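Working notes, beginning with the structure itself.
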Amino acid sequence: MSEQNKPYILIVEDEAPLVTLLRYNLEKQGFRVEDAGDGGEALTRITEAPPDLLLLDWMLPTMSGIELCRQLRRRPNTRALPIIMLTARAEDQDAVRGLDTGADDYITKPFNTEALIARIRALLRRSGTVPTKVKLNFHDISLDPASHRVLRNGRALHLGPTEFRLLEFFLRHPKRVFSREDVLNAVWGRDIHVEPRTVDVHIRRLRKAINGPGEIDIVRTVRAAGYALDLDAAA
């Protein structure tokens, strides 16, 4: 896999030995890794190139991890960024505070590296921000998450970012009916506040992008329930 296609993790940590340890183990597992020593540098890096996941230390110089997390959750483009807090603070109320601020997970130092990597993979899978290498196919549509290409009957389709994520989500769960709320949580993220009707707008755009003359509309509308990817859509 090329560097560009590897999941990108940004470590925000001021303990150099820990950064070295994390970088070594994460790169061995196929991740692309960068690091920042304080909150200001992290914000700059995230603005320039948002990571797929943030490993964030609680105690940082100039700006705490809690404050950085709070700022990221206020920004529209980082509201759904997966964040794991790393901290020496083991009190339950500290864990609650970190999660309430917007962290997705919380792990105390010292930690087992294999356990941390397992949590990273689980969070990336749950967030849907990192594509798997497996191509997805249904009927005459093929989607390659790694190259970000979509084909129908061998014809290249041009989808916007949201429509791409929508199609990828449905291709991973063919023939299952999802409510608007299910789709919002999976595609936009639970931290993003948008109207359920937004799903309808993007479903219409998806249909327009993938359906050519004479082709079956495979996005099925289920009255009072939601949507599904199904060859019975026309029915």
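Could you tell me what fraction of 2.2 N^0.38 Å the Cα radius of gyration of the chain comes to, as a two-decimal ratio?
Cα Rg divided by the expected 2.2 N^0.38 Å: 1.13.
Could you order the peptides 51-62, 166-177, 214-225 from most to least packed, using the average number of other C-beta atoms within 10 Å per residue? Please report the intermediate quantities before stating the final value.
Details: 51-62: 20.8, 166-177: 18.0, 214-225: 12.8.
Packing proxy ranking, top to bottom: 51-62, 166-177, 214-225.
How tilted is helix 197-210 with respect to the longest principal axis of the chain? Cα atoms for both, answer in degrees (0 to 90, nearest 10).
60 degrees
Within the chain, how many Lys pairs that are eight or more residues apart, or on different chains, come under 29 Å at the alpha-carbon?
12
Once phi is turned into ³J(HN,Hα) by the Karplus curve 6.51 cos²θ - 1.76 cosθ + 1.60 with θ = phi - 60°, what whole-Hz value does each residue of the range 152-160 show in order, with x for glycine and proline?
So the Karplus estimates, Gly and Pro as x, are 10, 6, x, 8, 5, 9, 10, 10, x Hz.
Just the Cα atoms of the range 3-127: what Rg and Dmax do they give in Å?
Just the Cα atoms of the range 3-127 yield Rg and Dmax of 13.2, 39 Å.
Over the range 136-229, with a single point scatterer placed on each C-alpha, what log10 of the ratio I(q)/I(0) does the Debye formula yield at q = 0.23 1/Å?
Taking Cα atoms of the range 136-229 as identical point scatterers yields -1.29.
Where a number appears in this text, it was derived from the coordinates with a stated rule and is not lab data. Predicted, not measured: the structure shown is a model, and the values here were computed from it. Glycine also receives a Cβ, built like all others from the backbone with ideal geometry; neighbour counts cover every protein chain displayed.
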